[in-house]
Amino acid sequence: MPTYTDKDACLAYIEGLTVADDAAFDRKIEKAERDVDRALGLYYGRDDVTGLKIDPTTLTQADADVLSRATCAQVEYRIEMGEAFFTRPQFATVQGPDYATTGTLPYVGPAVMRELEQSPRLLRLAAPWDDHRGAPPWDDFARNTDADGPEPRSYPTNR
């Protein structure tokens, strides 16, 4: 059963969408929810009932709406790309006799991040930890506990 959004929200978000099989569409939404969870990055908690990273009932209405729209954007991306795109491998470089392609397409659609940008809280969760945006205040200390180790690094924060 979908948690982050529902069929009606997706029908309103995706122009021209018609749904023939409600159960199949619910499964597509559930897959999109997992994809959005993947975009949310290293958020450590998971809801015990749904297994998802966020319980929408704990969010403000504005954040819950952003999460719903982001999930609908991923549903649209899954429809556009087709289910086979998400099950077959991608290769960084593909060459043929008269062509070459470099790069892979993302599994999470670009519109998902554009929707998540509407909520600073959700965007902070989606921030990659490589550049430590939104890192906890003790992050610098936790990485440099050895007195003889390298100088502490400082990271940009959104505070």
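Quick notes on this one:
- Residue match in the range 12-33 (condition: assigned to a helix (DSSP H, G or I), under 12 Å from the mean Cα position of the chain (by Cα), in the same structural domain as residue 111 (by TED's automatic domain parsing) and buried (at least 21 other Cβ atoms within 10 Å of the Cβ)): yes
- Residue selection: residue 83 satisfies the criterion of being under 20 Å from residue 110 (Cβ atoms) and free of Cβ contacts under 8 Å to residues at least 12 places away in the same chain.
- Cβ-Cβ contacts under 9 Å between residues 6 or more apart (or on different chains), taken from a first residue in the range 86-106 that is over 20 Å from residue 74 (Cβ atoms) to a second residue that is hydrophobic (A, V, I, L, M, F, W, C) and surrounded by 10 or more Cβ atoms within 10 Å (Cβ to Cβ), are listed as 100/94; 101/91; 101/94; 102/94.
- Pairs meeting the criteria (first residue in the range 1-28 and without any contact (Cβ under 8 Å) to a residue 60 or more places away in the chain and within 17 Å of residue 82 (Cα to Cα), second residue aliphatic (A, V, I, L, M) and part of a loop (DSSP other than H, G, I, E, B), beta carbons under 7 Å, at least 6 apart or on different chains) are 25/19; 26/1.
The values are calculated or read from the model by the stated rules, or taken from the named source; none is laboratory data. A quick note: this is a predicted structure, and the numbers were derived from the prediction, not measured. Note: ideal-geometry Cβ built from the backbone for every residue, glycine included; neighbour counts use all protein chains shown.
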